[in-house]
Amino acid sequence: QVQLVESGGGLVQPGGSLRLSCAASRSIFSTYVMGWYRQAPGKQRELVASTTPGGSTNYADSVKGRFTISRDNSKNTMYLYLNSLKPEDTAVYYCRATWIALDYWGQGTQVTVSS
């Protein structure tokens, strides 16, 4: 079993920044593909960014150049840096860990971009 706990969400003005954290209950980054997803009201959950055990990263077109995914293996924590935030980035952000048939999600953290 793997527990994932997100934190760092909040209310921010357009153009602002946030850092989201996803703390894993044990060391998994060398095995699991890690990802950040988001779900806005009335919309489907979508992939925002992901990183593989080898360090490759992938971003949704809508966040390229504004968001950065990273991880600290020593802290078992993954981060998502959100810059130049827009109102359309408002959503609940979730982290996810997958490996073969194993699939774990965090509880989510709310990000609201509004003036």
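Results, tabulated for the structure shown:
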read-out	value
Sequence-distant aspartates and glutamates (8 or more away, or on other chains) whose Cα lies within less than 18 Å of LYS64	GLU46, GLU88, ASP89
Using θ = phi - 60° and Karplus 6.51 cos²θ - 1.76 cosθ + 1.60, couplings along region 70-84 (whole Hz; Gly, Pro as x)	8, 8, 10, 4, 5, 10, 6, 10, 10, 10, 9, 8, 10, 10, 6
Using a Förster distance of 22 Å, the FRET efficiency for ARG66-SER7 (Cβ separation, nearest 0.05)	0.60
PHE67 long-range amide H proximity, modeled H, under 5 Å	ASN83
Cα-only radius of gyration and Dmax that characterise the chain, units Å	13.3, 42
Residues of region 34-100: accessible area per residue with a 1.4 Å probe, Å²	52
Between region 75-115 and region 51-67, the alpha-carbon center distance in angstrom	12
Sequence-distant lysines (8 or more away, or on other chains) whose Cα lies within less than 19 Å of LYS43	LYS86
Under the Karplus curve 6.51 cos²θ - 1.76 cosθ + 1.60, θ = phi - 60°, whole-Hz ³J(HN,Hα) for region 100-106, x wherever Gly or Pro sits	6, 8, 8, 8, 10, 10, x
Region 1-70, accessible surface, carbon-and-sulfur percent (1.4 angstrom probe)	47
Gain on full stretching of the segment that runs from GLU46 to TRP99 - 0.36 nm per residue minus C-alpha separation	17.2 nm
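The values are calculated or read from the model by the stated rules, or taken from the named source; none is laboratory data. On a predicted model such as this, the values are computed, not experimentally measured, just so you know. As a convention, Cβ positions derive from the backbone with ideal geometry for all residues, glycine included, and neighbour counts pool all protein chains shown. Side chains included, ligands, DNA and RNA excluded: accessible areas come from the protein's heavy atoms. Shrake-Rupley method; radii C 1.70, N 1.55, O 1.52, S 1.80 Å.
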